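Here's the structure, in structure tokens; my notes come after.
Just so it is clear, none of the values below were taken in a lab; they were calculated from the coordinates. Computed from a predicted model, the values in this text were never measured in an experiment. All Cβ positions, even for glycine, are placed from backbone atoms using ideal geometry, and neighbour counts span all protein chains on display.
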Amino acid sequence: MKGGKLTPDQIQGHWRKTSRLMWTLMILWAFFSFVVHVFARQLNEIVIAGFPMGFYMAAQGSLIAFVVLCFYNAYAQDKIDAEFGVHEE
Amino acid sequence: MATQNKGDFISNLGRIYGIYTGGFIGFVIFIGLLEYFKVFDNKILGYLFIFMTIGIYALIGWLSRTAQISEYYVAGRRVPAFYNGMATGADWMSAASFISMAGGLYLGGYGGLGYVLGWTGGYVLVGVLLAPYLRKFGQYTVPDFLSARYGGNTARLCGVIVLFSASFTYVVAQVFGVGIITSRFLGIPFEIACFVGLVGILVCSMLGGMRGVTWTQVAQYIILIVAYLIPVVWLSTTKFGFPIPELAYGQALKEIAALEQKLGILKPHVAAFADAKGAFSMVEFKNFLALILCLMIGTASLPHILMRYFTTPTVREARLSVGWSIFFIFLLYFTAPAYAAFAKLEIYSEVIGQQISSLPAWVKNWQAVAGMLTIKDANNDGILQLAELTINQDIIVLSMPEVAGLPYVISGLVAAGGLAAALSTADGLLLAIANALSHDVYYEMIDRKASAQKRLIVARVILLVVAAIAALTAGTRPSGIIQMVAWAFSLAAAGLFAPLVMGIWWKRTTNAGAIIGMMAGFGVCLFYLVGTRYFGMAEWWGIRNISSALFGLPVAFIVTYVVSLMTPAPSKEMQDFIDSIRVPAGDVKLVAAADAHKLD
């Protein structure tokens with residue numbers, strides 16, 4: 001990296017936004033890992049294309065959400081890094 | 001892959017693995033033709049598959065041989081995100097995922113989905129909380145981080161202890177899996193097969209270390225995913241007229257529900273948290289959620305996975321490669337429930353309630369293999385009832401080619417896939433253990449003056465010794481192997497998750513806090529495991545011991561928190577170090593007093 005030093009403002013601003021992204025993703029993670037499955041029996045009453053929804057969420061729905069969350073994290077964190085000029089050259 | 005044209009190799013990865021995949025498919029077709037024209041009998045075709053694939057891995061391992069420390073430990077940090085994702089996929093998915101998981105879903109129905117969820121969702125934690133920061137830190141092992149963050153070798157040693165106990169139980173299970181597949185397809189005794197399989201494991205990792213393991217794991221991922229998808233896609237196309245089994249099995253679930261009513265099965269396949277009668281069970285509910293939590297946190301704490309993210313060129317690519325990892329893992333895990341549903345439909349409609357004398361051919365074939373499928377006509381009426389059929393869960397994946405009416409060549413392919421899955425995981429684990437012993441214990445704690453050459457010799461000797469001990473242990477067929485795998489997750493989760501996450505996300509975490517917290521969490525987890533399993537201790541709140549991290553984890557976090565607040569805050573230098581690993585740009589500011597030597 002050129003110039004060398006990062007200012008404290010850069011570091012703090014960057015970390016504040018990074019932390020916010022982290023908490024957002026952790027809440028979504030907890031939702032798709034636990035909350036939605038708590039209601040599996042109720043969701044199973046709804047059947048779409050042969051899939052009872054409670055079963056579907058555990059077998060497929062949450063998994064898709066995890067994949068999306070991981071890619072979204074990479075994308076959003078890149079934007080934050082660029083915004084504060086702390087990305088890799 | 002020779003040292004002089006590394007750059008060429010990395011920039012040509014797409015072409016190289018494209019040719020490899022094409023070559024492999026050509027090989028499968030060639031074997032198919034041999035079978036069609038009956039050139040050899042099936043047993044020889046099975047041999048060809050096993051030796052051909054191990055031969056490829058050995059070739060890659062030999063081409064990746066290296067005499068450089070950073071190549072040996074972190075593949076020179078040149079592995080692009082996409083390929084690191086594939087390598088992580090192979091590293092992650094073991095024989096249990098490939099062969100046993102679909103069977104577990106067949107037997108357990110909804111209950112089995114806890115594994116599907118638990119073994120995928122952890123990657124969100126890896127990508128958000130850990131991987132990019134560990135990559136920025138940029139040394140060789142997970143204990144390296146603990147040592148730099150928590151003041152030296154005490155923390156390092158605690159990390160090595162947790163790493164060793166978790167990874168060793170896990171690797172024994174993998175060598176066990178390799179032994180089972182090798183003995184089944186080569187027709188040799190299990191104890192010998194463990195050692196034959198070991199040769200397959202060592203050819204990938206001995207010469208090239210992490211570099212060799214990385215490039216073989218990519219090759220192994222391609223084989224295992226092709227092998228897993230072909231039979232089930234074929235079955236879905238021929239039976240449901242739709243080549244995407246993950247969507248088509250909704251139809252199968254519907255038919256299963258109808259057959260369950262007809263056969264008088266009380267616990268439906270899709271029923272959540274159900275007891276044997278299909279009613280809601282609080283115990284099942286609690287354990288389902290607890291298992292998901294422990295497996296997910298364990299995913300984010302197992303060093304053989306975390307160290308894969310040390311190998312990418314940049315922090316940015318480390319994050320992206322977590323996305324690719326879970327995508328490649330997802331391809332297999334969201335297919336497993338389709339396997340289970342198709343198999344259940346086949347068995348409920350074509351096997352149960354049929355004349356025993358006129359069962360489908362695949363049933364008869366598997367009856368001949370000891371312990372896989374047994375039929376006992378208890379009431380001697382010549383008709384098979386549900387209770388009269390016992391099947392081993394491994395059969396669901398292994399028999400799918402026959403159920404789908406595919407030629408024997410596909411069965412050989414599935415065996416090669418299972419072997420690839422088992423070998424790749426065993427490799428990653430062995431390397432994690434051997435690296436912790438050779439780098440963290442030997443180099444960092446015993447002989448800091450050892451030359452690069454000597455370090456690499458020690459690393460390889462330790463790799464050999466650990467591998468041999470694992471094979472010997474597996475050869476004794478220790479009981480409860482599947483349970484041991486889940487234990488490994490709990491041990492890693494309880495011991496490593498808190499110090500790693502808090503070390504990055506909470507600057508106030510002190511050396512004493514982390515070390516005491518780590519040992520407390522690990523200790524509680526181990527106590528619960530050993531107590532409930534071997535000393536008849538009562539379960540706490542009905543939680544099964546495969547989820548013991550449920551107790552160790554909060555203890556680790558609370559103890560770390562409280563002790564940290566009771567001890568003086570980390571120094572200014574330490575805080576600067578943490579700041580420096582939180583951003584991708586700039587140098588890492590190691591703290592001099594801790595472990596601030598320059599790595600070669």
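Odds and ends about this structure:
- Across segment A:48-54, computed HN-Hα scalar couplings (Karplus, 6.51 cos²θ - 1.76 cosθ + 1.60, θ = phi - 60°) run 10, 6, x, 8, x, 5, x Hz from first to last residue, x flagging Gly and Pro.
- Karplus-derived 3J(HN,Hα) values for segment B:259-272, using 6.51 cos²θ - 1.76 cosθ + 1.60 with θ = phi - 60°, are 5, 4, 5, 5, 7, x, 8, 7, 9, x, 4, 8, 5, 8 Hz; glycine and proline are entered as x.
- Projecting label points 7 angstrom from Cα along Cα→Cβ for B:Ile375 and B:Thr237 puts them 3.0 nm apart.
- Per residue of peptide B:121-134, the mean number of Cβ atoms on other chains within 10 Å of the residue Cβ is 5.
- Annotation for segment B:213-281 versus segment B:56-91: alpha-carbon center distance of 33 Å.
- Extension gain, B:Trp506 to B:Ile265, is 81.6 nm, computed as 0.36 nm per intervening residue step minus the present C-alpha separation.
- Long pairs among A:Lys79/B:Lys589; B:Lys454/B:Lys589; B:Lys286/B:Lys507; A:Lys5/B:Lys507; A:Lys79/B:Lys286, criterion Cα-Cα beyond 32 Å: B:Lys286/B:Lys507; A:Lys79/B:Lys286
- Of the cross-linked pairs B:Lys344/B:Lys376; B:Lys254/B:Lys277; B:Lys38/B:Lys376, those separated by over 28 Å at the C-alpha level are B:Lys38/B:Lys376.
- What the Cβ-Cβ distance of B:Ile383 and B:Asp275 gives, at R0 = 30 Å and to the nearest 0.05, is a FRET efficiency of 0.60.
- Judged by the mean number of other Cβ atoms found within 10 Å, the most tightly packed of the peptides B:504-516, B:437-449, B:415-427 leads the ranking B:415-427, B:504-516, B:437-449.
- Structure-based [θ]222 nm, the protein assembly as shown - -39500 (n - 2.57) summed over DSSP H runs of at least 4, per residue, nearest 500: -21500 deg cm²/dmol
- Overall shape of chain B was characterised from the C-alpha gyration tensor. The equivalent ellipsoid obtained from it has semi-axes of 42, 30, 20 Å, in decreasing order.
- Taking chain B and dividing mean pair separation by its residue count, relative contact order in percent (alpha carbons under 8 Å, at least six apart): 26 percent
- Theoretical FRET efficiency, 1/(1+(r/R0)^6), r = Cβ-Cβ of A:Ile48 and B:Thr21, R0 30 Å, to 0.05: 0.30
- Applying 0.36 nm per residue to the separation of B:Phe51 and B:Leu359 and subtracting their alpha-carbon distance, the gain on full extension is 107.5 nm.
- Degrees between helix B:481-492 axis and first principal axis of chain B (Cα, 0 to 90, nearest 10): 30 degrees
- Rounded Å value of the spacing that divides the Cα centres of segment B:475-516 and segment A:11-53: 24 Å
- Note, ³J(HN,Hα) from phi for segment B:441-449, Karplus 6.51, -1.76, 1.60, rounded to Hz, x at Gly and Pro: 8, 5, 6, 6, 10, 10, 10, 6, 9
- Model label points for A:Ser19 and B:Ala368, set 7 angstrom from Cα along the Cα-to-Cβ axis, are 6.7 nm apart.
- Summed residue charge, Cβ within 14 Å of B:Pro568's Cβ, Lys/Arg positive, Asp/Glu negative: +2
- C-alpha center-to-center spacing [segment B:148-172, segment B:413-458] in angstrom: 14 Å
- Reachable aspartates and glutamates from B:Lys239, criterion Cα separation under 13 angstrom, eight or more residues apart if same chain: B:Glu255, B:Glu346
- Whole-percent pair-distance distribution, where bins are 10 Å wide, for the alpha carbons of segment A:29-83: 24, 39, 22, 13, 3
- Proximal lysines relative to B:Lys449, as straight alpha-carbon distance under 22 Å, when same-chain residues fewer than 8 apart are discounted: B:Lys598
- Tail beyond 42 Å, pair distance distribution of the protein assembly as shown (Cα, percent): 25 percent
- Rounded FRET efficiency, nearest 0.05, which uses the C-beta distance separating B:Lys589 from B:Val465 and R0 of 35 Å: 0.40
- Whole-number D in µm²/s for segment B:40-184 (Stokes-Einstein; Kirkwood sum over Cα pairs; 37 °C, 0.692 mPa s): 175 µm²/s
- Average Cα contact separation per residue, segment A:29-83, under 8 Å, 6 or more apart, as relative contact order %: 30 percent
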